[in-house]
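Below is one structure, written out as structure tokens; the observations come after it.
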Amino acid sequence: MQIHRLSVEEALKALGTGDQGLSEAEAASRLREFGSNELHAAERIPVLAMLGRQCTHFLALLLWAAAALAFVADWMKPGEGMDLLAWAIIGVIGVNALFSFVQEYKAERAIIALRRLLPMRVKVVRTGQISEVSASDLAPGDLTILAEGDRVPADGRVIAAVQFRVDNAPLTGESIPKSRISEAAIEGPLVESANIVFAGTTVLSGTARVVIFATGMNTEFGKIAHLTSGIEAEMSPLQQEIRKVTRLIAAISMGIGVAFFGLGILSGRSFWENFVFAVGLLVANVPEGLLPTVTLALAVGGQRMAKRKALMKNLAAVETLGCATVICTDKTGTLTENRMAVTRIYIHGREIRVSGGSVTTEAGESVAPELLRQWAPLFAIAVGCNNASRRHDEDGPGAAFVGDPTEIALLQCAGAVLPDGPDVSPRIGEFPFDADRKRMTTIHAAASAGRVAYVKGAPEAVLPICGSIFVDGRALPLREVDRAAIVDRLNAFTGSALRVLALAYRELPEAAKLSSMEETERDLTFAGLMAMFDPPRPEVAEAVARCKRAGIKPIMITGDNSRTALAIARTVGMVRNEKAPVLEGAQIERMRDEELKGALAGSEILFARMTPMQKMRVVTLLKEMGEVVAVTGDGVNDAPALKKADIGIAMGIAGTDVAKEAADIVLLDDNFATIVNAVEEGRAVYENIRKFVTYILASNIPEIVPYLASVVFRIPLLLTIVQILAVDLGTDMLPALGLGAEPPDATTMDRPPRSRDERLLNTRLLARSYLFLGPIEAAAAMTAGLWYLGYNGWEWGIDLSATSPLYRQATTVTFAAIVVCQVVNVYACRSQRVSVLSMGLFTNRLIVWGIAVELMILGVIVYSRMGHRIFGTDAFPGEFWWLLIGCAALLLLVEEARKGIVRRLDPVKGLRYQEGTV
Ligand code: ATP
């Protein structure tokens, strides 16, 4: 198709549409015909490759080598059961690979599901009405309206454009802003045409109307085949650490294996017997399932955050969020509801109040309609210099408007004050709003000859370029007294937490050049101030308090006026100190980095009238100061700060697509409280990973000790390799997953943030599992096994055959002792310091299920014939269970005593556990 060569009218006709867009029915039928506007390839998970990876990683290769050696051994010396060992090892590789695969697959699925939650909405014109639809519902022929920060949803031909520039980097790789116009191209291919926009690219500035000609996989972006997966494959620091730790443990176990091998040879065991033990130790020690379990814990954490309306875009964000020390947040929409309503209007010496459709003077009297009509130019600016629109088919208040809440408030106010609406002539040009200039201008053909420019924006950005003032229908020179009166009123408005816009106009000669912003935005006539109230979100005050308790400093960085900002900051408790510094953008421009760092080090600070660049500087300095910074943003210009921050947070509702793409987290409800909830989940995920690592590592000790004891004390080996595998890959697995799903406990947000440099496996964790829980379990298991032997007449020095019932029963008792201890251990590991009893036994259902399955496996291994054959076990008399339960009770008692001492030594943090506390 040569759509770029056609004129606008011809292009619309060629696509079977017009300047009113398609009808809803036609759009629906085209959607059925062409399919939804989505890229399918992005969501396929490479299952085979993933499975293959699980069987070929470093540890798996090690095990393959061991299996091969065992086969060789069997070939050289048949009949010693080496082939069985080889098969057992291969079985281990298989079970491991499957387990890891299932976890990874689940994690990937979770991430894809999360991605789908990301709302991608576009503005379309259908039957002349502007509405918002999901990007996937776009069909060829649809008219869409694109504005700064939007991601282009499908390939389209521009039919009208104002200062419209796009970034084609996602498609072409070169990141140069490109202007886009509506005129037909005379030559050149479609892909290079200046009137075409492509799916996946972004709008850098301006606005445009675009008619869609290709959607989904038919777009240029869909055609390029590199879309294997939309998921970020990068490993988070935690995953990298886990990988390193697993390798380290593997190396250590290999070392131990070799050492024991030597020890075994010295103690006179046969080569092959020793070989089997060495392999067994390796398998016992290497926490094969750790990495996938951690990945899954992070993904599940991500899902839990999504339930609380914070969408993680990568797993690293889940853990980094738990270390956040500073949250830089903007005000409008995040701390406040972004539900604005104009409440007060100022126009030359007079103020009127607007409330629920009634218009009164300051004294509460009604305002004469003539006066309001005289003020019509103010409302003409409010309506003309405005990109929000109203849908005519709905009359409900609020719901029927589309656009920026600030602009919607102005439309609603104009509608309430002047029911017939002000006269606004057609718009012929626009200099769009941007957060640096803090104002916006539209140019209209005036009713009389000439043109008129309407300007609205922050008073600080508009007043300085005003030369006259609108008084009783005329423009008079703006005197110092007028300026002082305006500033006075402005201060009164902002002091009551109102957000204020100044409105102004300028009559332009017909011949005025429209292309120059500087030329247009000068010598304005000040028309008035409109002040709107944007209520703080009710839940924010509590969230700010929790944030402070959790040792995280909230800093407001807003584009709004400093008094408005301060008033809101006080309401939500962000600033309590009377002397807290409030710095404005212009002020920090004059400050040196060191000075600014000094100010940032204080406990409370607030930034107002900031530009995105200045926000970026604050973020950079905070990072230099060693803080872990989370920062919110919504505009295109916020993207660098979002990228620079440790955690970039974009607004899901008010944010632009560019901001969402640059961010690590998208807030589905734009709410500050959601950030704090997500921090809590982030902390909990990390804690949970620690819990299950402690649990898994603890059982390594009772797995090694029987072997050590058999070598050193020359007693029968009380736990066989297959039994070790049964613990590691059977009974331990599910309860560990249960620990990964623990809800945050009540103290999660009463602790300061964890340092980012803190290792997962710190000395405390290792000491608890390897020097405390593990040895107790080992002592219990050894005592139980030896007791059983002794009870049945065994004495030191008597050799037991591996097939004798007594030997098999003794190993079964040892095995059962470890499993029963692990049941208690899983409860012990639910908290470092809170008593098991105060947490409730059934509060984590996954753990309860995990234990049920664990006990079932134990039952099968102890009592079933099949269990006996595979695991070399034999049933032991029932009364010995009492001994095992006694061992577990002992573990519980000692651990409770330890927790009690910890709580006594450090009582502040020893709060009670509350189930599912948030
Ligand atoms: P925050 O940064 O906390 O979200 P904000 O919305 O006030 O607050 P910006 O979006 O950077 O921050 O806007 C800066 C200022 O520009 C606003 O305080 C307001 O005075 C002015 N402004 C905002 N929206 C518009 C608009 N659509 N047209 C003209 N001026 C605007």
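Quick grid of which residues meet (1) more than 24 Å from Leu84 (Cα to Cα); (2) open to solvent by 20 Å² or more (accessible area, probe 1.4 Å):
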{"position": "Arg247", "(1), (2)": "yes, yes"}
{"position": "Ile265", "(1), (2)": "no, yes"}
{"position": "Ser270", "(1), (2)": "no, yes"}
{"position": "Val279", "(1), (2)": "no, no"}
What about Lys615, is it charged (D, E, K, R) and surrounded by fewer than 20 Cβ atoms within 10 Å (Cβ to Cβ)? no
Report every pair of residues separated by at least 6 positions or lying on different chains whose Cβ atoms are under 9 Å apart, first residue within region 464-479 and under 11 Å from His348 (Cβ atoms), second among the basic types (Lys, Arg). Ile469/Arg479; Ile469/Arg483
Of Leu98, Leu171, the only residue that is in contact with an Asp or Glu (Cβ under 8 Å, 6 or more places away or on another chain) and in a helix (DSSP H, G or I) is Leu171
Which residue, of Leu766, Leu734, Leu761, is open to solvent by 30 Å² or more (accessible area, probe 1.4 Å), over 24 Å from Glu879 (Cα atoms) and in contact with an Asp or Glu (Cβ under 7 Å, 6 or more places away or on another chain)? Leu734
Out of all the residues in region 542-553, which are in contact with a Gly (Cβ under 9 Å, 6 or more places away or on another chain) and open to solvent by less than 40 Å² (accessible area, probe 1.4 Å)? Val544, Ala545
Hey, Cys466 hits all of (1) within 30 Å of Ala567 (Cβ to Cβ); (2) at pLDDT below 95; (3) not β-branched (Val, Ile, Thr) but one; which does it fall short on? (2)
How many residues of region 146-188 are at pLDDT 85 or above and among the hydroxyl-bearing types (Ser, Thr, Tyr)? The answer is 2
Conditions (1) at pLDDT 75 or above; (2) within 30 Å of Leu39 (Cβ to Cβ); (3) of a type in the set (Ser, Thr, Tyr): number failed by Ser270: (2)
Within region 345-392, can you find the residues that are open to solvent by 50 Å² or more (accessible area, probe 1.4 Å) and either modelled with pLDDT of 90 or more or aromatic (Phe, Trp, Tyr) (or both)? Arg353
Whichever residue in region 297-311 is more than 11 Å from Ile647 (Cβ to Cβ) and open to solvent by less than 20 Å² (accessible area, probe 1.4 Å) and, among such residues, is farthest from the ligand (Cβ to nearest atom): Ala297
Unmet criterion (only one of (1) within 16 Å of the ligand (Cβ to nearest atom); (2) open to solvent by 20 Å² or more (accessible area, probe 1.4 Å); (3) more than 28 Å from Glu430 (Cβ to Cβ); (4) at pLDDT below 95) for Asp472: (1)
Has region 312-319 got at least one residue that is open to solvent by 20 Å² or more (accessible area, probe 1.4 Å), hydrophobic (A, V, I, L, M, F, W, C), closer than 30 Å to Leu296 by Cα and not in a loop (DSSP other than H, G, I, E, B)? yes
Out of all the residues in region 475-507, which are open to solvent by 30 Å² or more (accessible area, probe 1.4 Å) and of a type in the set (S, T, N, Q)? Asn491, Ser496
Those residues of region 314-367 which are among the aliphatic types (A, V, I, L, M) and within 16 Å of the ligand (Cβ to nearest atom) amount to Ile327, Leu335, Met340, Ala341, Val342, Ile345
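For every residue, the table says whether it meets (1) crowded, with 16+ Cβ neighbours inside 10 Å; (2) farther than 30 Å from Lys123 by Cα.
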| position | (1), (2) |
| --- | --- |
| His4 | yes, no |
| Ser23 | no, no |
| Ser29 | no, no |
| Cys55 | yes, yes |
| Leu59 | yes, yes |
| Leu98 | no, yes |
Given (1) under 30 Å from Ile265 (Cα atoms); (2) among the acidic types (Asp, Glu); (3) surrounded by fewer than 23 Cβ atoms within 10 Å (Cβ to Cβ), number of the condition Asp728 does not satisfy: (3)
Return yes when Ile704 is assigned by TED's automatic domain parsing to the domain that holds Pro775, open to solvent by 10 Å² or more (accessible area, probe 1.4 Å) and modelled with pLDDT of 85 or more and no when it is not. yes
Can you name the residue in region 534-584 that is in contact with a Phe, Trp or Tyr (Cβ under 6 Å, 6 or more places away or on another chain) and β-branched (Val, Ile, Thr) and, of all such residues, is nearest to the ligand (Cβ to nearest atom)? Ile557
What single numbered condition from (1) open to solvent by 40 Å² or more (accessible area, probe 1.4 Å); (2) charged (D, E, K, R); (3) within 16 Å of the ligand (Cβ to nearest atom) fails to hold for Glu407? (1)
Can you tell me how many residues in region 438-449 are out of contact with any Ser or Thr (no Cβ under 9 Å at 6 or more places or on another chain) and either closer than 11 Å to Ala461 by Cβ or within 11 Å of the ligand (Cβ to nearest atom) (or both)? 3
Assess whether Thr747 counts as being modelled with pLDDT under 85 and hydroxyl-bearing (Ser, Thr, Tyr). yes
Could you look through region 628-656, keep only residues that are closer than 23 Å to Gln587 by Cα and open to solvent by 30 Å² or more (accessible area, probe 1.4 Å), and pick out the one that is nearest to the ligand (Cβ to nearest atom)? Asn637
Kindly list, by first and then second residue, each pair from a residue in region 609-625 that is of a type outside the set (A, V, I, L, M, F, W, C) to a residue that is within 13 Å of the ligand (Cβ to nearest atom) and assigned to a helix (DSSP H, G or I), limited to pairs with Cβ atoms under 6 Å and residues at least 6 apart or on different chains. Arg609/Gly585; Thr611/Gly585; Pro612/Asn637; Pro612/Asp638; Gln614/Gly585; Lys615/Ala641
Within region 738-755, how many residues turn out to be farther than 20 Å from Phe692 by Cα and under 19 Å from the mean Cα position of the chain (by Cα)? 2
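So that you can scan it fast, the table gives a plain yes or no per residue for (1) farther than 30 Å from Gly682 by Cα; (2) of a type outside the set (A, V, I, L, M, F, W, C):
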position: Asn491; (1), (2): yes, yes
position: Thr494; (1), (2): yes, yes
position: Ala497; (1), (2): yes, no
position: Thr520; (1), (2): yes, yes
position: Arg546; (1), (2): no, yes
position: Gly551; (1), (2): no, yes
Single condition Glu604 does not satisfy, out of (1) closer than 20 Å to Val540 by Cα; (2) within 15 Å of the ligand (Cβ to nearest atom): (2)
Counting only residues that are without any contact (Cβ under 8 Å) to a residue 60 or more places away in the chain and acidic (Asp, Glu), how many does region 44-83 have? 2
Would it be correct to say that Gly149 is assigned to a loop (DSSP other than H, G, I, E, B) and over 19 Å from Ile3 (Cα atoms)? yes
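The values are calculated or read from the model by the stated rules, or taken from the named source; none is laboratory data. What you see is a predicted model, and the numbers here were worked out from it, not measured in a lab. Note that we place each Cβ from the backbone using ideal geometry, even for glycine, and neighbour counts take in every protein chain shown. The area values use the complete protein model at the heavy-atom level, side chains included, leaving out ligands, DNA and RNA. Shrake-Rupley method; radii C 1.70, N 1.55, O 1.52, S 1.80 Å.
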